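As structure tokens, the structure follows; a few thoughts come after it.
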Amino acid sequence: MVTLSYSVAPENIQKELNKIWESLETTNVARACLFNLIFYTRKNNRTPYIQRIAQKVVEKFPSRVIFVTVDREAREDSLKTEVAILSSSKGEFDVSCDYISIETSGASQKKIPFVVLPHILPDLPVYLLWGENPCSEDPLFSQLEQFASRLIFDSETTENLPHFAFCLLAQHEKYGGDIADLNWARIESWREMFSMAFYSSDKLQQIAKSKKISISYNSQGTLFFCHTHIQAIYFQAWLACQLNWSFQSLKKEKNELLFTYRTASGDVEVNLSSAQAAKLPPGLILSIDIFTADDEHFSFMRNPEILHQVTYQHSMHDKCDLRSQYILNKAESGHSLVKEICHRGTSEHFLKVLNFVKNMGELDKC
Amino acid sequence: MTETSAHPLEEPGVSSRFIEPCILVIFGATGDLTARKLLPAIYNLAREGQLPPQFACVGFARRDKTHEQFRQEMKEAVASFSRVKPIDEALWKNFQENLYYHKSEFHEDEGYAKLQTFLQELDAKLGTKGNRVFYLSTQPSFFPLICEKLHKTGLIYDVDKTKDKWSRIIIEKPFGHDLDSAKALQKELLRFLKEEQIYRIDHYLGKESVQNILVFRFANSLFESVWNNRYIDHVQITVAEDIGIGSRGAFWEEAGMLRDIVQNHMMQLLSLVAMEPPVSLAADAIHDEKVKVLEAIRPLQQVDLESACVRGQYGQGYVSGQPAVAYREEKNVSPTSNVETYAALRLFIDNWRWAGVPFYLRGGKRLPKRATEIAIVFKDPPGVLFQQPNKRNEPNVLTLRIQPDEGTGLRINCKVPGPSSPIQPVKMDFRYGSYFGMSPPEAYERLIQDCIIGDNTLFAREDEVFSSWRILTPLIQYWEANKQSDFPNYASGTWGPKAADAMMSRDKRKWRLV
């Protein structure tokens with residue numbers, strides 16, 4: 001996707017980009033920019049993962065990407081900048097956008113804002129994807145956040161989810177702008193599916209009478225993704241918040257988390273259990289089973305062969321509906337993820353979930 | 001259009017719209033529209049998770065065919081015409097299991113009785129709950145017959161009596177062939193259906209770029225403030241096609257440009273560009289404003305019929321360097337046909353906002369290129385500073401490009417660098433394709449989904465259709481009564497008859513070079 005890439009002195013970034021575009025003038029390359037997208041990550045094994053996110057975003061929404069990497073291990077005072085054109089083919093022409101890479105050593109980190117700020121395109125939103133823990137006091141973060149119209153975090157970076165939630169809420173309150181989290185965005189398709197599956201008032205009444213909910217998720221982590229329980233935690237917290245269930249307790253067992261909530265019709269237990277699915281993305285919700293006080297069972301099972309397909313079945317003690325298929329909107333990897341992290345305001349539902357999670361109690365570390 | 005929801009699991013402005021289980025029955029399932037547009041649209045809805053999990057599609061047509069043959073044909077159609085390629089084999093395997101074919105003549109009672117039994121079986125098998133969408137992709141003359149048979153068989157439900165399931169009908173254009181016939185058709189349909197069950201499709205309204213007209217106008221304060229007769233000189237709406245009538249000779253001989261394009265697509269574009277802001281985004285609020293503006297269009301007088309309306313018919317010529325035959329040489333077309341393949345007209349909207357602003361509409365077949373656009377041409381600024389003797393600066397033009405190359409352009413005047421200060425028009429351009437790096441859904445995807453949901457915002461309401469026919473029926477009658485002696489009067493691959501240019505010249509204006 002990176003069609004051209006040049007090392008360049010920081011002061012020549014714009015000049016070099018202009019030169020590249022001039023050289024492309026007679027080709028079928030269309031230059032586009034919807035917003036400024038600043039990525040920040042430390043140089044480590046997560047860097048390629050963040051780069052892939054950048055790539056996915058600009059495939060759908062071509063934007064000026066400023067990708068900042070800090071190598072804390074490097075001792076010398078170094079600052080390397082590169083420019084490139086990211087391009088994706090759209091039939092008769094290629095849609096392309098600017099890519100600016102800034103890589104520094106820890107000692108040179110202070111220079112970053114001075115390289116970033118002149119290259120933010122005016123009149124367009126600025127999205128900052130902070131690929132590090134927002135709770136750590138990082139002067140660079142406070143320098144960059146003031147220019148951002150939206151802050152995108154990644155709860156994968158935290159070892160302490162309740163504290164992460166606390167920091168995000170504090171950030172939201174202090175900063176007032178929009179915030180988002182990649183793991184929250186990843187469960188959007190499940191949330192949408194539930195709102196459709198339980199749309200009718202009788203189904204809604206049934207879910208309100210839940211006694212037991214089992215959620216299984218893919219706990220097979222990777223080098224850069226080990227907090228695989230977060231999406232499942234977010235999902236059950238969302239359900240509890242939206243249905244006005246009050247949190248009672250959280251028990252942690254070897255591979256399971258057991259939440260207990262008080263509802264209008266008694267207590268409900270929510271059990272998060274891990275499963276190993278090496279071929280699937282880490283953290284993915286695999287199935288959800290809901291058992292109600294009226295002996296009804298709602299089952300949602302992801303198809304391991306067709307990832308975005310979920311088989312749904314509703315059964316009662318004396319009969320069962322036919323199985324049917326829901327198609328998730330591929331939020332994990334595609335357009336919806338981008339929409340959720342870049343285009344929407346701060347989700348009210350997400351803020352409720354954060355408020356819940358911050359009081360939830362600490363979980364195991366990776 | 002999204003509205004705030006009280007459903008606890010639905011986030012306002014974010015969540016998907018609820019889609020109930022249903023069966024879609026396509027009448028005329030062996031036709032071109034089904035293969036090229038409808039099935040690819042349904043497949044893409046399935047691919048994107050936009051169909052209900054309990055869903056089936058049944059093709060209804062006269063030819064002998066098995067379910068399996070129909071599935072295979074539809075697979076080939078989807079592979080050829082889907083906006084997303086290649087076909088997802090795993091998904092298709094599941095999708096095709098709920099794709100069926102039902103053979104029957106449209107007039108055959110038995111065929112409908114069997115259809116009913118079949119649909120009930122599918123309800124039991126799939127849980128589709130008796131909900132039905134009937135898509136009439138047939139000749140318009142079959143509409144009343146099919147509705148009557150569906151009603152007689154109990155496949156159309158009485159909305160007053162049946163609350164636990166629904167039935168809706170999508171009707172392709174044209175709705176009638178003039179005002180009287182549209183009213184007669186409506187009267188006929190209302191014997192079997194309520195207006196709320198009728199979805200008159202105009203696929204232009206499903207296009208993202210058409211939906212963007214309202215967003216552009218009412219989400220940007222900059223433009224709405226100059227959107228009136230104080231600043232706008234005139235408006236040009238162009239629907240140009242480079243193709244001829246192809247295999248639709250028989251249809252075209254009865255329809256012509258006015259009925260096929262102007263009465264529906266162009267009048268819809270005009271109403272969207274000229275309407276007042278609706279009080280909300282509710283379907284009726286938008287329809288009401290569209291009707292108001294159509295009602296405000298000044299009726300065509302005799303003098304207008306003679307001098308402000310131009311028709312044309314293409315002759316031989318070249319399109320994209322290839323020889324093109326004349327309309328009268330096309331298959332199923334009379335060699336002395338008087339049918340127009342080009343129409344241009346000037347309309348005035350007699351309301352506070354638009355008084356005195358002409359709206360020029362032109363649509364034609366076998367023009368040099370395919371392009372649909374709305375051009376808002378602004379008035380000149382006072383000529384005290386930068387006007388040169390005998391040379392006017394170009395007016396500002398705001399262009400809303402509907403297809404292809406969807407987007408928005410603004411022409412402004414700019415100083416050429418250097419001491420002599422000549423003024424040069426330059427263009428600021430927004431292109432959907434370059435900004436949003438994704439393929440937008442096809443119009444039919446949106447419209448079919450809207451019908452399943454029960455949202456008729458993007459369908460034409462009866463009074464919109466009547467208003468539109470009311471404006472054009474006098475012209476249709478005038479043209480039918482007065483044959484055009486100089487047909488064919490424009491060569492294929494040119495921008496239409498000279499009379500259209502002359503019409504603009506008389507108003508001291510000219511058509512834009514699209």
If residue A:315 satisfies every condition in (1) under 22 Å from the mean Cα position of the chain (by Cα); (2) at pLDDT 90 or above; (3) within 14 Å of chain B (Cβ to nearest Cβ); (4) surrounded by fewer than 16 Cβ atoms within 10 Å (Cβ to Cβ) but one, which is the exception? (1)
Of the criteria (1) under 30 Å from residue A:262 (Cβ atoms); (2) of a type outside the set (Phe, Trp, Tyr); (3) at pLDDT 90 or above, which one residue A:203 fails: (3)
Does segment B:101-114 contain at least one residue that is crowded, with 20+ Cβ neighbours inside 10 Å, in a helix (DSSP H, G or I) and away from every other protein chain (no Cβ under 14 Å)? yes
Condition check for residue A:80: over 18 Å from the mean Cα position of the chain (by Cα), closer than 20 Å to residue A:16 by Cα, surrounded by fewer than 17 Cβ atoms within 10 Å (Cβ to Cβ) and charged (D, E, K, R): yes
If you scan segment A:119-171, which residues turn out to be of a type in the set (A, V, I, L, M) and in contact with a helix residue (DSSP H, G or I) (Cβ under 8 Å, 6 or more places away or on another chain)? A:128, A:129, A:140, A:144, A:151, A:152, A:161, A:165, A:168, A:169
Has segment B:47-58 got at least one residue that is outside any loop (DSSP other than H, G, I, E, B), crowded, with 20+ Cβ neighbours inside 10 Å and facing another protein chain (nearest Cβ under 8 Å)? yes
Within segment B:493-514, considering residues that are in a loop (DSSP other than H, G, I, E, B) and of a type in the set (Gly, Ala, Ser), the one surrounded by the fewest Cβ atoms within 10 Å (Cβ to Cβ): B:493
With the structure loaded, tell me whether residue A:274 is in a helix (DSSP H, G or I), modelled with pLDDT under 95, on the phi < 0 side of the Ramachandran plot and not aliphatic (A, V, I, L, M) or whether it fails that test. no
List, please: which pairs have Cβ atoms under 8 Å, are six or more places apart or on different chains, and start with a residue in segment A:7-28 that is closer than 16 Å to residue A:101 by Cβ and end with one that is among the aliphatic types (A, V, I, L, M) and assigned to a helix (DSSP H, G or I)? A:10/A:115; A:13/A:115
Please go through segment B:400-459 and give me each residue that is in contact with a Gly (Cβ under 6 Å, 6 or more places away or on another chain) and not aliphatic (A, V, I, L, M), ordered by number. B:401, B:427, B:429, B:430, B:431, B:432, B:446
Give me the pairs, please: first residue somewhere in segment A:302-323 and farther than 24 Å from residue A:275 by Cα, second residue anywhere and among the aliphatic types (A, V, I, L, M), beta-carbon distance under 8 Å, and either six or more positions apart or on two chains. A:322/B:126
Considering only residues that are within 14 Å of chain B (Cβ to nearest Cβ), buried (at least 17 other Cβ atoms within 10 Å of the Cβ) and part of a helix (DSSP H, G or I), which ones fall in segment A:25-76? A:54, A:57, A:58, A:59, A:60
Which is of a type in the set (S, T, N, Q) and under 19 Å from the mean Cα position of the chain (by Cα), of A:142, A:101, A:149, A:108? A:149
Among the residues of segment A:223-237, is any farther than 19 Å from residue A:288 by Cα and within 14 Å of chain B (Cβ to nearest Cβ)? no
The listed residue being surrounded by fewer than 22 Cβ atoms within 10 Å (Cβ to Cβ) and without any contact (Cβ under 8 Å) to a residue 40 or more places away in the chain, out of B:153, B:117: B:117
Mind counting the residues in segment A:122-144 that are farther than 14 Å from residue A:346 by Cβ and either aromatic (Phe, Trp, Tyr) or in the same structural domain as residue A:232 (by TED's automatic domain parsing) (or both)? 2
Please return the ranges of strands (runs of 3 or more DSSP E) entirely within segment A:88-186 where 1 or more residues are touching a Gly at 6+ places or on another chain (Cβ under 7 Å) and not aliphatic (A, V, I, L, M). A:150-153, A:178-181
If you go through segment B:485-492 one residue at a time, do you hit one that is out of contact with any strand residue (DSSP E or B) (no Cβ under 7 Å at 6 or more places or on another chain), touching a residue at least 12 places away in the same chain (Cβ under 8 Å), aliphatic (A, V, I, L, M) and surrounded by 15 or more Cβ atoms within 10 Å (Cβ to Cβ)? no
Exactly one of (1) in a strand (DSSP E or B); (2) surrounded by 15 or more Cβ atoms within 10 Å (Cβ to Cβ); (3) free of Cβ contacts under 8 Å to residues at least 24 places away in the same chain is unmet by residue A:287. Its number? (3)
Quick one: residue B:469 ticks every box in (1) more than 14 Å from chain A (Cβ to nearest Cβ); (2) outside any helix (DSSP H, G or I) bar one, so which box is it? (2)
Could you pull out the residue among B:272, B:300, B:258 that is crowded, with 18+ Cβ neighbours inside 10 Å and within 30 Å of residue B:435 (Cβ to Cβ)? B:272
Within 14 Å of another protein chain (Cβ to nearest Cβ) and surrounded by fewer than 21 Cβ atoms within 10 Å (Cβ to Cβ): is that true of residue A:123 in this structure? yes
Given B:206, B:249, which one is in contact (Cβ under 8 Å) with a residue 60 or more places away in the chain and under 16 Å from the mean Cα position of the chain (by Cα)? B:206
Can residue A:208 be described as assigned by TED's automatic domain parsing to the domain that holds residue A:352, of a type in the set (A, V, I, L, M), buried (at least 16 other Cβ atoms within 10 Å of the Cβ) and under 19 Å from residue A:359 (Cα atoms)? no
Among B:25, B:84, which is under 28 Å from the mean Cα position of the chain (by Cα) and at pLDDT 95 or above? B:25
Residues B:165, B:173: which one is assigned to a loop (DSSP other than H, G, I, E, B) and either under 15 Å from the mean Cα position of the chain (by Cα) or at pLDDT 95 or above (or both)? B:173
Scanning segment B:120-134 residue by residue, those within 14 Å of another protein chain (Cβ to nearest Cβ) and either surrounded by fewer than 15 Cβ atoms within 10 Å (Cβ to Cβ) or over 20 Å from residue A:323 (Cα atoms) (or both) turn out to be B:121, B:124, B:125
Considering segment A:1-24, residues that are in a loop (DSSP other than H, G, I, E, B) and modelled with pLDDT under 85, and then whichever is surrounded by the most Cβ atoms within 10 Å (Cβ to Cβ), we arrive at A:24
So which of A:269, A:192, A:253 is at negative phi and at pLDDT 95 or above? A:269
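The values are calculated or read from the model by the stated rules, or taken from the named source; none is laboratory data. No experiment lies behind these values; they were computed from the predicted model shown. With ideal geometry, Cβ positions are generated from the backbone for all residues, glycine too; neighbour counts draw on all protein chains shown.
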